Amino acid sequence: LAQSLFALFASSLAISLVFAIIPLCHNVVVLAVVMAVAGLAMGCIDTISNMQLVKIYQKDSAIFLQALHFFVGFGALLSPLIADPFLSDTNCILSNSTANASSNLPHIRKSLVPHHPGNLSHYDLPMKGMVVTRVSYAFWIMALINLPVPIAVFFLLYKERMVPCFSSSSHPLLSADELAMETRPVEKDDLSTAVQRPHAAEGHDDLFSCCQSKNFRGASYTYFAVHITGALVLFMTDGIVGEYSGFVYSYAVEEPLSVVHKVAGSLPSLFWGFITLGRLISIPVSYRMKPATMVFINVVGVLITFLLLLIFSYSVVFLFVGTASLGLFLSSTFPSMLAYTEDILQYKGCATTVLVTGAGIGEMVLQLLVGSIIHDQGSYSFLVCGMIFGGLAFTFYTFLLFFHRMYPKPPSDMDDSSPDKPAVTDDTGQYQ
């Protein structure tokens, strides 16, 4: 826990520093290096926060994972609103030809749609002159908004007496906040502790224990199959999130829809808004519904939505309806899949790293793939790609269910760890 908290502190502090430095970068190579540091820090935060929630709360982690990813979506929805007042409607460089360039901007935006990549030669954009952009303030505001996060993590380290230079006389926080232990029946505490202790002794005491080869000795092929199929599901679903939010604007402004630019610009915001709403709704839903069922509803909903978008591809109204529906179905896929996969593998935390990595690779690769396909085949291929990715996600999830049935479980906790067991309550009415 100490290693994880120190990594979260360093990563969150690095993000604030990076956002403060970005406006000062006047060289594209320096900017690329700075952005790479930001990506590395965000990847550490994503992996560690998911992994620690799973390891601390175990069977109760589904609710906390939904809450965590609600704030991920909320941040993605909020940050463009913070930046928007500082974006210029005209060219950011003043010169003698600024007036002509400013009048050309709507036409240039139209030409930047991937289907028309070569129509910019006749536009005159000034490259030298006085820079008048105010976008730097957006980065500095985001750096300040993020600054309380490393401060809060450091405070937690201090309260947990994990900072070598400081000594705290106060009582540690986590000893009074072990919700996962409090919600289990008393008579099962000793049994669950006895079952989990051997797993904890198998080299899971440090942050990089999942990479140790001794943990893979004697593992069945279904152990690796569960990791791979779970990662492939998130590869597809997170890839859909990235490619849809990145290209739905380009699809909307192209023929046959030809949506007005300002209206089309609201589609990514609508998409992320319903992702955030869906994750908020999923917090109480995950309290009663099994993660396996939630993932099934998600992948089937994504597949049906893309099918309807293809059928009603000439309807602007249904494009907005389908965008909202897609956001709802994709919203809880990631946290539900984490909870489901870790439940199969007895909450060791290693699957979280594999799944987060698979999701990140999918979000990167599928955007590049879809962008090149749209460039060559036109905007309609955007929906066809989404349909194919949704079908692959459903196929991989079917394989995951198959390998789950074959995966061996310890006989002492087989009934309790099975995600197919219905939810029960103890004598106090608390959910198990």
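The values are calculated or read from the model by the stated rules, or taken from the named source; none is laboratory data. A quick note: this is a predicted structure, and the numbers were derived from the prediction, not measured. Note: ideal-geometry Cβ built from the backbone for every residue, glycine included; neighbour counts use all protein chains shown. Heavy atoms of the whole protein, side chains included, go into the accessibility calculation; ligands, DNA and RNA do not. Shrake-Rupley method; radii C 1.70, N 1.55, O 1.52, S 1.80 Å.
A few remarks follow.
- Answer residue from the range 225-241, given it is among the aliphatic types (A, V, I, L, M) and farther than 14 Å from Thr323 by Cα and is most open to solvent (accessible area, probe 1.4 Å) among those: Ile228
- Annotation note: Cβ proximity below 9 Å between a residue of the range 294-312 that is more than 18 Å from Ser379 (Cβ to Cβ) and a residue that is not in a helix (DSSP H, G or I) (sequence gap 6+ or interchain) occurs for Met294/Ser332; Val295/Ser332; Ile297/Met289; Ile297/Ser332; Asn298/Ser332.
- Every residue from the range 242-264 that is within 18 Å of the chain's Cα centre (by Cα) and either open to solvent by less than 20 Å² (accessible area, probe 1.4 Å) or outside the structural domain of Val302 (by the TED database) (or both): Gly242, Glu243, Tyr244
- Qualifying positions in the range 266-288 - open to solvent by 40 Å² or more (accessible area, probe 1.4 Å), within 17 Å of Val317 (Cβ to Cβ) and of a type outside the set (S, T, N, Q): Leu270, Phe274
- Residues of the range 45-88 that turn out to be under 25 Å from Ala2 (Cβ atoms) and small (Gly, Ala, Ser), as a count: 3
- Filtered residue count, the range 226-280, keeping only those that are part of a loop (DSSP other than H, G, I, E, B) and touching a Phe, Trp or Tyr at 6+ places or on another chain (Cβ under 8 Å): 3
- Scanning the range 380-397 for residues that are of a type in the set (Ser, Thr, Tyr) and closer than 15 Å to Phe312 by Cβ yields a single hit, Tyr380.
- Residues of the range 289-323 that are open to solvent by less than 30 Å² (accessible area, probe 1.4 Å) and in contact with a Gly (Cβ under 8 Å, 6 or more places away or on another chain): Val299, Val302, Thr305, Phe306, Leu309.
- Applying the criterion of at least 2 residues that are closer than 14 Å to Tyr244 by Cα to the helices (runs of 4 or more DSSP H) found wholly in the range 291-350 leaves 291-311, 316-331.
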